[in-house]
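Read the figures in this text as sums done on the coordinates, not as results from a lab. Fair warning: this is a prediction, and the values are worked out from it, not measured in the lab. FYI the Cβ positions are ideal-geometry reconstructions off the backbone, even for glycines, and counts take in every protein chain you see.
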């Protein structure tokens, strides 16, 4: 029943009422199909909600700069840690646990 509550949001109902009112004023021949608007109100609001969520998600997942150690290919958010990793890997031919704990998850 939560989906019904989302479909019967006052904003959705206000929008539907406004569209039906304008249809009665300017296109009375189309106003007879106002019941169809009530039937498809829930799918339309769900599609609008999903589109809005996708738009927000795209902004939050904007590409961030990632720095990669050229020796071991670990990724870092900070250029300094990537440089330290590269120097350590080149000199010791191994990884340093204190450095790689700052690496981004794979």
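So here's what we get for this one:
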quantity: Additional length obtainable on full extension of the chain from residue 68 to residue 44, 0.36 nm per residue less Cα span; calculated: 4.2 nm
quantity: Protection proxy ranking, peptides 38-47, 84-93, average beta carbon neighbours within 10 Å, highest first; calculated: 84-93, 38-47
